[in-house]
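Notes to accompany the following structure.
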Amino acid sequence: MSSEIAIKVEGLSKCYQIYDQPRDRLKQFILPRLQRLVGQTPKQYFREFWALKDVSFEVKKGETVGIIGRNGSGKSTLLQMICGTLNPTSGSIQTNGRIAALLELGSGFNPEFTGRENVYMNGVVLGLSKEEIDARFDNIAAFADIGEFIEQPVKTYSSGMMVRLAFAVQSQVDPDILIVDEALSVGDAKFQAKCFERLRQLKENGTSILLVTHSSEQIVTHCSNAILLDKGIQFETGEPRHVVNRYMDLLFGKEKETISGKSEQVLAMPGEIAVESAYQLSWQEDNFSKRNGYNPHEYRWGDGSVTILDFYLAADDEPYPSAVNIGQRITLAISIKFHRNVYRPILGITIKTKEGVTVYGVNSETLECADFAKMGQQESVIQAKAVFICRLAPGDYFISLGVATKHGEDVTPHDRRYDSIHLQVRPNNRFFGLANLELDLSARQIKA
């Protein structure tokens, strides 16, 4: 990746004036001027709303940066200012090279024009000559894959067809900077796969990409850096997996609370004696750090009302193996302590690749484990056991654990231990991919 800077944003802010009543806008236009003339301090007849405040970052040539955040966090506002369709209140933006952008579905398309006419119109806006568009038109039409609709007015297109054509135009002009704002979520799975392959090609050719999405896995898989925005503030910037974890903090109820100090106060009560289960699990102290396979770089948070104390991992009959073989029976047992009464707790287990892609995830509700839902009495300690056959491809995986409760759409995390257990699968040359589906292949000759 080149060290050349494609985008440089410094202290970028955007403030909107919010008027409670229409007449306040007229007051703001006239009265402050009169107040200054008579020597009075001008009065403000609007409220300030900062859609973005003091955001700074750099994007290098050939780098893909993901921008993630809840609705209303300022993502689209940021992209519009970078593209030049919105003026900042303060701060500066520097861009180097041709910018192509998908900010809104079908933005820049004239609904009365045909798809072909819109391709040429958009190409000219992007700085291409008619000859250059002629040379690329077949590739654009093939990528969009909308058939004869390319000759029909855009107003007859479905949303999926609209985004197909829009992405085809923007990506096939070989931009220096490509900005995509949630547009790919409209296409079907096959089109999305084609789009991400095109993004990969553009990145290899030196295009800098800004990708806005609510999909945490797209951020982890396709981005080299990530930015988390929340309420207009640059909440976190850095390695994609870390930024996505912080995004999960914001999504699921509570900002991160460190539970270690709270847990120690509850668990280290005088006279309490540790009880061992059949798997030699601690029922009193947090023993994760004492177990082989524990990841000290786990990401942990919760409100402290529950503590996941200990885990036992075995491959067939081998406890805490350094690596496992495909086809082995994996047993995972954990001990959980409830410090307060918790109504209908939910236990979740997720397995991810080292890149952060979820391979498998379940919880006690999706599995309809009624026994776990009945638990949660204050000061009780329970043992949960999960058993599965390892069908994972060779490589490194991380197991995440969590206990939470759900009230409507609100989720309250009690103890979440992301990427807490490292699971390594030994090499196997019988297949490739993420999972072993144990495909059975046969053949027979029907004609000599």
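The values are calculated or read from the model by the stated rules, or taken from the named source; none is laboratory data. Please read these numbers as outputs of a predicted model, since none were measured by experiment. FYI the Cβ positions are ideal-geometry reconstructions off the backbone, even for glycines, and counts take in every protein chain you see. Ligands, DNA and RNA are stripped out before the accessible areas are found, and what is left, the full protein with its side chains, is counted by its heavy atoms. Shrake-Rupley method; radii C 1.70, N 1.55, O 1.52, S 1.80 Å.
Report those strands (runs of 3 or more DSSP E) wholly inside the stretch 2-81 carrying at least 2 residues which are closer than 28 Å to Arg241 by Cβ and open to solvent by 80 Å² or more (accessible area, probe 1.4 Å).
On the way: elements: 5-18, 47-60, 64-68.
Where strands (runs of 3 or more DSSP E) fall fully within the stretch 2-81 and carry at least 2 residues being closer than 28 Å to Arg241 by Cβ and open to solvent by 80 Å² or more (accessible area, probe 1.4 Å), they are 47-60.
Under the condition of being open to solvent by less than 50 Å² (accessible area, probe 1.4 Å) and not β-branched (Val, Ile, Thr), which residue from the stretch 209-223 is farthest from the chain's Cα centre (by Cα)? Walk me through how you get there before you give the answer.
From the stretch 209-223, those open to solvent by less than 50 Å² (accessible area, probe 1.4 Å) are 209-213, 215-216, 218-220, 223; that's our starting set.
Pick out the ones that are also not β-branched (Val, Ile, Thr) and you get 210-211, 215-216, 218, 223.
Numbers: Leu210: 14, Leu211: 11, Ser215: 4, Ser216: 2, Gln218: 6, Cys223: 10 Å.
That would be Leu210.
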message = For the stretch 181-192, check the following and say yes or no: at least one residue is under 22 Å from Glu355 (Cα atoms), β-branched (Val, Ile, Thr), within 17 Å of the chain's Cα centre (by Cα) and in a loop (DSSP other than H, G, I, E, B).
response = no
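Within the stretch 88-106, restricting attention to residues that are open to solvent by less than 60 Å² (accessible area, probe 1.4 Å) and modelled with pLDDT under 90, which residue is farthest from the chain's Cα centre (by Cα)? Let's see the steps before the verdict.
Restricting attention to the stretch 88-106, the residues satisfying the condition of being open to solvent by less than 60 Å² (accessible area, probe 1.4 Å) are 88, 90-93, 95, 97, 99-103, 106.
Okay, now just the ones that are also modelled with pLDDT under 90, so 97, 99-103, 106.
On the way: Gly97: 28, Ile99: 24, Ala100: 23, Ala101: 20, Leu102: 19, Leu103: 18, Gly106: 24 Å.
If we take residues in the stretch 88-106 being open to solvent by less than 60 Å² (accessible area, probe 1.4 Å) and modelled with pLDDT under 90, then Gly97 is farthest from the chain's Cα centre (by Cα).
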message = Go through (1) modelled with pLDDT under 85; (2) surrounded by fewer than 17 Cβ atoms within 10 Å (Cβ to Cβ); (3) acidic (Asp, Glu) for Glu204 and report which single condition fails.
response = (1)
message = Given the condition open to solvent by 50 Å² or more (accessible area, probe 1.4 Å) and farther than 30 Å from Lys14 by Cβ, answer yes or no: does some residue in the stretch 118-129 qualify?
response = yes
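Across the stretch 38-67, what is the number of residues that are of a type in the set (Ser, Thr, Tyr) and touching a residue at least 40 places away in the same chain (Cβ under 8 Å)?
Number of matching residues: 2.
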request  = Can you tell me which residue within the stretch 142-154, out of those that are out of contact with any Phe, Trp or Tyr (no Cβ under 9 Å at 6 or more places or on another chain) and not hydrophobic (A, V, I, L, M, F, W, C), is most open to solvent (accessible area, probe 1.4 Å)?
outcome  = Glu148
message = On the basis of being over 27 Å from Pro319 (Cβ atoms), at pLDDT 90 or above, open to solvent by 30 Å² or more (accessible area, probe 1.4 Å) and within 25 Å of the chain's Cα centre (by Cα), does Thr366 make the cut?
response = yes
inquiry  = Please determine whether any residue of the stretch 302-314 is free of Cβ contacts under 8 Å to residues at least 40 places away in the same chain and either among the hydroxyl-bearing types (Ser, Thr, Tyr) or within 24 Å of Val220 (Cα to Cα) (or both).
reply    = yes
Where Thr85 falls short, out of the listed (1) hydroxyl-bearing (Ser, Thr, Tyr); (2) touching a Cys at 6+ places or on another chain (Cβ under 8 Å); (3) open to solvent by 70 Å² or more (accessible area, probe 1.4 Å) = (2)
ask   = Looking at the stretch 107-117, which of its residues are crowded, with 19+ Cβ neighbours inside 10 Å and part of a helix (DSSP H, G or I)?
value = Gly115
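In the set Ser420, Ser380, which member is open to solvent by less than 20 Å² (accessible area, probe 1.4 Å), at negative phi and not aliphatic (A, V, I, L, M)? Don't jump to the end; show me each part of the working.
Details: Ser380 fails: open to solvent by less than 20 Å² (accessible area, probe 1.4 Å).
Matching residue, one of Ser420, Ser380: Ser420.
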query = If Met375 satisfies every condition in (1) modelled with pLDDT of 90 or more; (2) under 25 Å from Gly327 (Cα atoms) but one, which is the exception?
reply = (2)
message = Condition first: touching a helix residue (DSSP H, G or I) at 6+ places or on another chain (Cβ under 9 Å) and free of Cβ contacts under 8 Å to residues at least 40 places away in the same chain. Can you find one or more residues in the stretch 86-101 that meet it?
response = yes
